[in-house]
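Enquirer: The structure that follows is given in the form of structure tokens.
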Amino acid sequence: MPASFTRWLWALALPLVLATGCATAPLQHPNLAPASDGEARQVELSATPFYSQTAYQCGPSALATLLQTSGVDRATPDTLAEQVYLPGRRGSLQTELIAATRRAGRIPYRLEPRFEHLLDELRAGHPVLVLQNLKLPRWPQWHYAVVVGFDLDEEQVILRSGTERRQALSFERFERTWQMGDYWALVVTPPGQTPATASATRYLQAVVPMEQQQRWEAAIAGYRAAAQRWPDNPASHMGLGNIAFQTGRYTEAQGHFEQAVAIDPELPSAHYNLAWALLYQGERSQARQAAERARALAPEHPRFGRAVSALEAEASERSR
Amino acid sequence: MDTTLSPLRILIASLFVLVLAAVTPLHAQAGIVTTDEVVTEQTQAVEREQLLEKLDRDDVKAQLKHYGVDAEQAQERVAAMTDAEVLELQAGLDQAIAGGDAGLATLLLVVILVLLLT
């Protein structure tokens with residue numbers, strides 16, 4: 001009897017569990033760590049500009065708000081619409097907001113999907129662009145808005161959203177809509193600053209495309225900011241060195257690679273690139289020593305293992 | 001169940017620990033690359049190559065044009081994307097989330113729901 005009763009219960013409960021599965025995904029805000037001493041319980045970045053959205057243009061409006069705050073004066077919803085709006089989709093893609101940020105010379109940093117990181121960025125004075133689903137999982141209505149404040153006691157966030165200059169949403173309501181957008185959140189800081197919650201690798205990953213796309217000024221500012229914040233990470237110096245190398249400043253490149261070596265003497269790529277910076281200045285024997293160190297550190301590596309022969313080949317090519 | 005340790009068990013356990021302690025540093029000192037690492041590295045290289053072969057910026061440009069972006073802008077928009085981002089959009093720009101509207105429709109939905117439920 002008890003066994004069949006349990007089975008009955010399951011038969012009743014299972015469809016319910018399945019049906020409400022999405023709605024009952026655990027929310028983060030009820031488990032926020034209490035604000036520590038000196039941490040703001042309430043923030044509102046009132047000076048954040050607002051651009052009331054016209055039809056379907058929440059992407060350009062929200063991005064203009066973010067870029068203006070980071071010091072891009074020429075960013076307006078109209079100019080950005082050309083860069084991000086897709087008429088045939090009546091909306092803007094996340095990828096294109098990121099790409100347009102790069103075009104404005106700013107580094108797009110995606111936050112980790114954590115509610116507390118949102119609050120920490122606001123505490124640091126950075127508005128946060130978020131993706132929300134304002135309807136239902138199966139019947140979505142995707143929307144971009146900018147969070148500009150919160151109040152831990154009122155359990156509210158303040159947004160610049162749509163046609164509302166100051167929209168207050170409860171933590172509960174906001175997080176449900178944001179959760180359906182997979183907690184997608186973008187922060188754009190002025191050059192030389194890093195997002196408060198940034199991790200070194202995540203931030204550097206956001207800077208690398210700036211270098212690849214030869215947006216040198218922004219990439220240099222990004223690597224410098226990273227070098228300052230994470231002095232133990234050699235990658236920032238590798239980035240600065242690689243930009244100097246690519247723009248023909250070999251002496252400067254050498255200096256950056258040497259700094260990377262100083263931070264991590266066992267990093268083969270630092271020795272390898274140092275070798276090339278030296279070779280391009282005509283320091284052939286020093287270059288060879290650096291290449292030998294790269295090879296010694298990673299003899300089996302497809303690239304570093306052949307460091308010396310590759311360097312010699314280049315050297316004879318150049319002396320021809 | 002017997003939870004006390006017999007002398008034999010203790011002996012076996014300590015032998016095990018000793019062997020582990022002896023073997024582990026040797027392994028680390030030798031510094032050889034494990035087969036797993038070699039195979040993983042190969043797989044990653046092949047996967048990367050396969051992905052890059054598929055990479056087609058013109059395809060995404062064409063899709064953007066299809067959705068109403070003019071040719072010159074499409075070119076610049078795609079140029080500001082990374083390889084990974086292009087690949088993602090190639091997989092289906094029509095599937096990607098496009099954030100657009102706010103407000104009014106939600107209100108309508110709420111009204112409909114209220115009407116239905118009451």
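The rows are residues; the columns are (1) farther than 30 Å from A:H143 by Cα; (2) of a type in the set (A, V, I, L, M); (3) buried (at least 21 other Cβ atoms within 10 Å of the Cβ); (4) not assigned by TED's automatic domain parsing to the domain that holds A:Q286.
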| position | (1), (2), (3), (4) |
| --- | --- |
| A:A198 | no, yes, yes, no |
| A:Q228 | yes, no, no, no |
| A:L240 | yes, yes, yes, no |
| A:A244 | yes, yes, yes, no |
| A:T251 | yes, no, no, no |
| A:Q254 | yes, no, yes, no |
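Enquirer: Next up: Which one of the conditions (1) over 22 Å from A:T189 (Cα atoms); (2) surrounded by 24 or more Cβ atoms within 10 Å (Cβ to Cβ) does A:L66 fail to meet, given that it meets all the rest?
Expert: Result: A:L66 fails condition (1) only.
Enquirer: For A:L204, which of the numbered conditions (1) buried (at least 19 other Cβ atoms within 10 Å of the Cβ); (2) under 29 Å from A:N31 (Cα atoms); (3) away from chain B (no Cβ under 13 Å) fails to hold?
Expert: Going through the list (1) buried (at least 19 other Cβ atoms within 10 Å of the Cβ); (2) under 29 Å from A:N31 (Cα atoms); (3) away from chain B (no Cβ under 13 Å), A:L204 breaks only (2).
Enquirer: What are the residues in region A:125-139 that are crowded, with 17+ Cβ neighbours inside 10 Å and within 20 Å of the chain's Cα centre (by Cα), if any? It would help to see each step written out before you state the result.
Expert: Quick first cut of region A:125-139, residues crowded, with 17+ Cβ neighbours inside 10 Å only: A:126-135.
Residues satisfying the conditions are A:H126, A:P127, A:V128, A:L129, A:V130, A:L131, A:Q132.
Enquirer: Moving on to the next point. Being among the basic types (K, R), over 30 Å from A:V207 (Cα atoms), assigned to a strand (DSSP E or B) and out of contact with any Asp or Glu (no Cβ under 9 Å at 6 or more places or on another chain) narrows it down to one of A:R176, A:R165, so name that one. Before you say what the answer is, go through the steps one by one.
Expert: Values: A:R176 fails: assigned to a strand (DSSP E or B).
Just a single option satisfies the conditions, and that option is A:R165.
Enquirer: Given the residues A:P77, A:P60, which is the only one that is more than 8 Å from chain B (Cβ to nearest Cβ) and either β-branched (V, I, T) or within 30 Å of A:A200 (Cα to Cα) (or both)? First the steps, then the outcome.
Expert: Values: A:P77 fails: either β-branched (V, I, T) or within 30 Å of A:A200 (Cα to Cα) (or both).
Within the list A:P77, A:P60, the selection yields A:P60.
Enquirer: While we're here: How many of the residues making up region B:41-74 are assigned to a loop (DSSP other than H, G, I, E, B) and facing chain A (nearest Cβ under 9 Å)? Give the derivation first.
Expert: If we filter region B:41-74 for residues that are assigned to a loop (DSSP other than H, G, I, E, B), which is where we start, we get B:55-56, B:67-70.
Subset that is facing chain A (nearest Cβ under 9 Å): B:67-70.
So the count comes out to 4.
Enquirer: Give region A:207-225 a look and list any residue that's surrounded by 18 or more Cβ atoms within 10 Å (Cβ to Cβ) and either more than 14 Å from every other protein chain (Cβ to nearest Cβ) or not in a helix (DSSP H, G or I) (or both), or say none.
Expert: Matches in region A:207-225: A:R215, A:I220, A:A221, A:G222, A:Y223, A:A225.
Enquirer: If you scan region B:15-69, which residues turn out to be modelled with pLDDT of 75 or more and aromatic (F, W, Y)?
Expert: B:Y67
Enquirer: Can I ask one more? Filter region A:253-311 down to residues that are over 29 Å from the mean Cα position of the chain (by Cα) and not in a helix (DSSP H, G or I), then give me how many there are. Even if it seems obvious, please write down each step before you answer.
Expert: So in region A:253-311, the residues over 29 Å from the mean Cα position of the chain (by Cα) come out as A:275-311.
Then keep just the ones that are not in a helix (DSSP H, G or I); that gives A:280-283, A:298-303.
Of the residues in region A:253-311, 10 are over 29 Å from the mean Cα position of the chain (by Cα) and not in a helix (DSSP H, G or I).
Enquirer: What's the total number of residues in region A:87-109 that are at pLDDT 95 or above, assigned to a loop (DSSP other than H, G, I, E, B) and within 12 Å of another protein chain (Cβ to nearest Cβ)?
Expert: Of the residues in that region, 4 qualify.
Enquirer: Given the options A:H301, A:H256, name the one that is touching a helix residue (DSSP H, G or I) at 6+ places or on another chain (Cβ under 7 Å), of a type outside the set (A, V, I, L, M, F, W, C) and modelled with pLDDT under 95.
Expert: Working: A:H256 fails: modelled with pLDDT under 95.
Within the list A:H301, A:H256, the selection yields A:H301.
Enquirer: Check whether at least one residue in region A:140-155 is under 23 Å from A:A47 (Cα atoms), surrounded by fewer than 23 Cβ atoms within 10 Å (Cβ to Cβ) and of a type in the set (A, V, I, L, M, F, W, C), and report yes or no.
Expert: Filtering region A:140-155 for residues under 23 Å from A:A47 (Cα atoms) gives A:143-155.
Narrowing further to those that are surrounded by fewer than 23 Cβ atoms within 10 Å (Cβ to Cβ): A:149, A:151-155.
When the remaining residues are screened for being of a type in the set (A, V, I, L, M, F, W, C), the result is A:152.
Among the residues of region A:140-155, at least one is under 23 Å from A:A47 (Cα atoms), surrounded by fewer than 23 Cβ atoms within 10 Å (Cβ to Cβ) and of a type in the set (A, V, I, L, M, F, W, C), which makes the answer yes.
Enquirer: Checking the conditions here, which among A:E112, A:E82 is surrounded by fewer than 24 Cβ atoms within 10 Å (Cβ to Cβ), away from chain B (no Cβ under 14 Å) and either of a type in the set (D, E) or assigned to a helix (DSSP H, G or I) (or both)?
Expert: Answer to the check: A:E112.
Enquirer: Do you know which residues across region B:75-93 are in a loop (DSSP other than H, G, I, E, B) and at the interface with chain A (Cβ under 9 Å from one of its Cβ atoms)? Spell out how you get there, then give the answer.
Expert: From region B:75-93, those in a loop (DSSP other than H, G, I, E, B) are B:80-82, B:91-93; that's our starting set.
If the condition is that a residue be in a loop (DSSP other than H, G, I, E, B) and at the interface with chain A (Cβ under 9 Å from one of its Cβ atoms), then B:A80, B:M81, B:T82, B:L93 are the ones that fit.
Enquirer: Now for a separate question. Consider A:A185 against the criteria (1) more than 24 Å from A:A253 (Cα to Cα); (2) surrounded by fewer than 20 Cβ atoms within 10 Å (Cβ to Cβ); (3) within 14 Å of another protein chain (Cβ to nearest Cβ): it satisfies all of them except one. Which criterion is unmet?
Expert: (2)
Enquirer: Separate question: Determine which single condition A:G21 fails, assuming it passes every other condition in (1) modelled with pLDDT of 85 or more; (2) assigned to a loop (DSSP other than H, G, I, E, B); (3) farther than 29 Å from A:I98 by Cβ.
Expert: (1)
Enquirer: Same structure again: Could you say which residue among A:A200, A:A219 is out of contact with any Asp or Glu (no Cβ under 6 Å at 6 or more places or on another chain) and touching a residue at least 12 places away in the same chain (Cβ under 8 Å)?
Expert: Numbers: A:A219 fails: out of contact with any Asp or Glu (no Cβ under 6 Å at 6 or more places or on another chain).
So the residue among A:A200, A:A219 that is out of contact with any Asp or Glu (no Cβ under 6 Å at 6 or more places or on another chain) and touching a residue at least 12 places away in the same chain (Cβ under 8 Å) is A:A200.
The values are calculated or read from the model by the stated rules, or taken from the named source; none is laboratory data. A quick note: this is a predicted structure, and the numbers were derived from the prediction, not measured. Note that each Cβ is placed from the backbone with ideal geometry, even for glycine, and that neighbours are counted across all protein chains shown.
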